[in-house]
Amino acid sequence: MVIKTMANGQMYIAELVEEEELISEYSDDSSIDPDFESEATEDLEDFLDGIDRAVDILSSSSSEEDAEGGAGPAARWQGTDVEDVTPTQLIFQPARTPGPHLPAGKQYSPLELFQLFVTDAMLQTIVNNSNLHGERRNPVTFERLSLEDLYAFLAMLVFIGVVRTIHIEDYWRTDIFYNFPFPSSVMTQCKFRAIARTLRLSSPADDAENNRKKGSADHDPLGKIRPVYEQMRQACRAHFHPGQNISVDEIKVKAKRCIVPPRRDLEPMRWGSKLFVLVDSSTGYTWDIFTRRGGQGASGAVGRLGYQSVMSLVDAAVLGQGYRLFVDDFHTSPALFRELLAERSVGACGTIREQCAGYPRGRAGGLPRRHRCPRGTLRWIREGPLAFVQWRDARNVLLCSSLHPAHANHTVLRKVRTAEGQRRTLQPVTAPPSFSDWDRCMGAGLLCDAIVEHYHILHHTNNWYKSFFYHFLDVAIVNAFILHRELAKERQEAPLGQVAFRKVLLQQLKAAALSCRAPPAGGQHKPRFFTQDDSATQARPCVHCASKTMVSAPHAMSPCALR
């Protein structure tokens, strides 16, 4: 029993009314769960007497509360016996034609699709910044990186995503349990670790200037990833346009240090950063990326991170109008949904928390929180363009939508216990239409996130900016694969699978590393045979050629003259 205190000092019992309505509605239902029936015990009469005493207090208090909140005649939670209005459907007017935006008539290899997102200019910027940082830190012993080294490093990262081991050094082991020939043919373990340690995305001058601005509004917490971050966003939006159904999802990028505190309620992660992505629900393509700058928070709904991420990603000037947005309970708020519909002509649907501002709490007739009721039980309230729905599945599901009616002739398949209560069988269960659309459209974003998590390209790093870079590479690979699949559908060809696509990509990255290798300057090293009688019948080994380690010389060697 939960006792709630009103602002005028009156006290009433809200849970009693909810339970009374459910008991009266389902008392004659033979399909009700046996556990629910057992709760109607001998003290039911006393229970109902308490309800009758609370009804008088509830009627006056709730009417005053509804008058202040502007709920109108639909102040109570309604059942499926009351019809709901169908919202006006938005006219879909995208800014560009949905689908891939690439030159027609060209066959793209996996490497060419990957280079649409990770360009040579981006890689050369990373090479230059890494060399500047390395020379400043170790001016004597530092070995400069080249574009060839970075392409070989990317090939190893893709290989790490396909073939999983416990430790990085396992890829270069030669025992019978590992003995992979590919890593040794690309680079040595020392070279790989040196590049991973030296990798920088921003220049030292920009970092020093940004550090001097700490504590002021001009300081950019994303300064270390800003060059790659902006280029990745532009590339993702340039080569594809999403369809009408889109979703915004939250991704946790693991790192030792974090710039945004992680969520603690769902899947807590001790060290990491938040990244928000806008995903096309039909393909899983990541169209845009957002992470909030520090010091930009505000009070109220506008200051919420979920509100800021959605308003930054759903840009009507770039996307268009008439889109259908699906989000989870972290982003859902009635104020956000009303603003999207009024200002950007974007409908929204998502799960919602009962503690969210604007949610109709304390209304009579809702689903109880602590007592079970049959699956498919549905309650709803409409407030203007928004329909709030309470639906019983395995637990209570709370939804808010500006796209759907509260209920319709719609069912989903669920395992329901039989009348004997011995086994479960698949049976159709009444469900709101908003739930089915939300489950289907949010699944594409979750699938994309699952692919990135399964094939993530590096085990662990302590630097948050490197974690972002590795995640950007994962997003580039998945987007390249989706473009490959969509182009294959247009040509009516069978596309490569996810693993096959990555295998071809890492081989082409290795070939690109070899093609970037500069030819040696000066003369070539060509030793001659050496014998006593000047007859070239027996070869004397050259010390330089027989060396098993790489030799770094300031100048090219001249041809041997061993005669």
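Just one of R353, R369 is at pLDDT below 90 and not hydroxyl-bearing (S, T, Y); which is it? It would help to see each step written out before you state the result.
Details: R353 fails: at pLDDT below 90.
Answer to the selection: R369.
Are any of the residues in segment 482-503 of a type outside the set (V, I, T), modelled with pLDDT of 60 or more, in contact with a Gly (Cβ under 9 Å, 6 or more places away or on another chain) and open to solvent by 20 Å² or more (accessible area, probe 1.4 Å)? I'd like the intermediate steps shown before the answer.
Residues of segment 482-503 that are of a type outside the set (V, I, T), as a first pass: 483-498, 500-503.
Now restrict to residues that are modelled with pLDDT of 60 or more: 483-498, 500-503.
Narrowing further to those that are in contact with a Gly (Cβ under 9 Å, 6 or more places away or on another chain): 486, 490, 502.
Checking the rest, the ones that are also open to solvent by 20 Å² or more (accessible area, probe 1.4 Å) come to 486, 490.
Looking for residues that are of a type outside the set (V, I, T), modelled with pLDDT of 60 or more, in contact with a Gly (Cβ under 9 Å, 6 or more places away or on another chain) and open to solvent by 20 Å² or more (accessible area, probe 1.4 Å), one finds at least one in segment 482-503, hence yes.
If we scan segment 240-255, do we find a residue that is modelled with pLDDT of 90 or more, open to solvent by 20 Å² or more (accessible area, probe 1.4 Å) and closer than 30 Å to D120 by Cα?
Kept after step one, since they are modelled with pLDDT of 90 or more, are these residues of segment 240-255: 240-248.
Keeping just the survivors that are open to solvent by 20 Å² or more (accessible area, probe 1.4 Å) gives 244-245.
Filter once more, so that each one left must be closer than 30 Å to D120 by Cα: none.
No: zero hits.
Residues are listed down the side, and each one gets a yes or a no for (1) free of Cβ contacts under 8 Å to residues at least 40 places away in the same chain; (2) more than 19 Å from M442 (Cβ to Cβ); (3) surrounded by fewer than 17 Cβ atoms within 10 Å (Cβ to Cβ):
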position	(1), (2), (3)
E339	yes, yes, no
R344	yes, yes, no
E354	no, yes, yes
R382	no, yes, no
C400	no, no, no
L413	yes, no, yes
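Do any helices (runs of 4 or more DSSP H) lying entirely in segment 78-172 carry at least 1 residues that are in contact with a Cys (Cβ under 7 Å, 6 or more places away or on another chain), more than 30 Å from P433 (Cα to Cα) and among the hydrophobic types (A, V, I, L, M, F, W, C), and which ones are they? Quick ask: steps written out before the conclusion?
Details: elements: 110-115, 120-137, 147-162.
Counting at least 1 such residues, we get 147-162.
Please go through (1) modelled with pLDDT of 90 or more; (2) under 18 Å from the mean Cα position of the chain (by Cα) for Q231 and return the number of the only condition it doesn't satisfy.
Here Q231 meets the rest and fails (2).
Looking only at segment 384-398, which residues are assigned to a strand (DSSP E or B) and free of Cβ contacts under 8 Å to residues at least 40 places away in the same chain?
F388, R392, N396
Could you tell me which numbered condition V318 fails, if it satisfies all but one of (1) part of a loop (DSSP other than H, G, I, E, B); (2) among the β-branched types (V, I, T); (3) open to solvent by 30 Å² or more (accessible area, probe 1.4 Å)?
Going through (1) part of a loop (DSSP other than H, G, I, E, B); (2) among the β-branched types (V, I, T); (3) open to solvent by 30 Å² or more (accessible area, probe 1.4 Å) one by one, V318 breaks only (1).
Of the residues T411, T425, only one is in contact with a strand residue (DSSP E or B) (Cβ under 9 Å, 6 or more places away or on another chain) and at pLDDT below 85; which? Reasoning before the result, please.
Working: T411 fails: at pLDDT below 85.
Answer to the selection: T425.
Quick one: P360 ticks every box in (1) closer than 24 Å to I246 by Cα; (2) assigned to a loop (DSSP other than H, G, I, E, B) except a single one, so which number is it?
Here P360 clears every test but (1).
Please go through (1) under 16 Å from the mean Cα position of the chain (by Cα); (2) at pLDDT 90 or above; (3) in a loop (DSSP other than H, G, I, E, B) for V277 and return the number of the only condition it doesn't satisfy.
Only one criterion in (1) under 16 Å from the mean Cα position of the chain (by Cα); (2) at pLDDT 90 or above; (3) in a loop (DSSP other than H, G, I, E, B) is unmet by V277, namely (3).
Has segment 462-474 got any residue that is without any contact (Cβ under 8 Å) to a residue 60 or more places away in the chain and under 19 Å from T286 (Cβ atoms)? Break it down into steps so the answer makes sense when it comes.
Step one: of segment 462-474, the residues without any contact (Cβ under 8 Å) to a residue 60 or more places away in the chain are none.
No, there is no match, as no residue in segment 462-474 is without any contact (Cβ under 8 Å) to a residue 60 or more places away in the chain and under 19 Å from T286 (Cβ atoms).
Quick check on my filter: what residues within segment 179-231 are open to solvent by 70 Å² or more (accessible area, probe 1.4 Å), of a type in the set (S, T, N, Q) and assigned to a loop (DSSP other than H, G, I, E, B)?
Scanning segment 179-231 gives N179, T188.
Which one of these does T174 not meet: (1) without any contact (Cβ under 8 Å) to a residue 60 or more places away in the chain; (2) surrounded by 13 or more Cβ atoms within 10 Å (Cβ to Cβ); (3) among the polar types (S, T, N, Q)?
Condition not satisfied by T174: (2).
Residue-wise test of (1) over 33 Å from the mean Cα position of the chain (by Cα); (2) within 20 Å of T461 (Cβ to Cβ); (3) of a type outside the set (G, A, S).
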residue	(1), (2), (3)
R137	yes, yes, yes
T141	yes, no, yes
R144	yes, no, yes
E148	no, no, yes
L154	no, yes, yes
L157	no, yes, yes
V163	no, yes, yes
I166	no, yes, yes
E169	no, yes, yes
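Please specify each residue of segment 400-429 satisfying the condition of being under 31 Å from the mean Cα position of the chain (by Cα) and more than 15 Å from D84 (Cα to Cα).
Those that are under 31 Å from the mean Cα position of the chain (by Cα) and more than 15 Å from D84 (Cα to Cα): T411, V412, L413, R414, K415, V429.
Going through segment 130-173 one residue at a time, which ones are over 19 Å from K191 (Cβ atoms) and modelled with pLDDT of 90 or more?
Once the filter is applied, which keeps residues that are over 19 Å from K191 (Cβ atoms) and modelled with pLDDT of 90 or more, segment 130-173 yields only L132.
Kindly establish whether R395 is open to solvent by 50 Å² or more (accessible area, probe 1.4 Å), among the charged types (D, E, K, R) and over 30 Å from the mean Cα position of the chain (by Cα).
Numbers: open to solvent by 50 Å² or more (accessible area, probe 1.4 Å): yes; among the charged types (D, E, K, R): yes; over 30 Å from the mean Cα position of the chain (by Cα): no.
Considered against the rule, which asks whether it is open to solvent by 50 Å² or more (accessible area, probe 1.4 Å), among the charged types (D, E, K, R) and over 30 Å from the mean Cα position of the chain (by Cα), R395 comes out as no.
Inside segment 121-169, can you point out the residues that are under 15 Å from F469 (Cα atoms), open to solvent by 20 Å² or more (accessible area, probe 1.4 Å) and among the hydroxyl-bearing types (S, T, Y)?
T125
The values are calculated or read from the model by the stated rules, or taken from the named source; none is laboratory data. Quick caveat: nothing in here was measured; it's all calculated off a predicted structure. Because the Cβ atoms are built from the backbone with ideal geometry, glycine has one as well, and the counts that use them run over all protein chains shown. Surface areas here come from the heavy atoms of the whole protein model, side chains and all, with no ligands, DNA or RNA. Shrake-Rupley method; radii C 1.70, N 1.55, O 1.52, S 1.80 Å.
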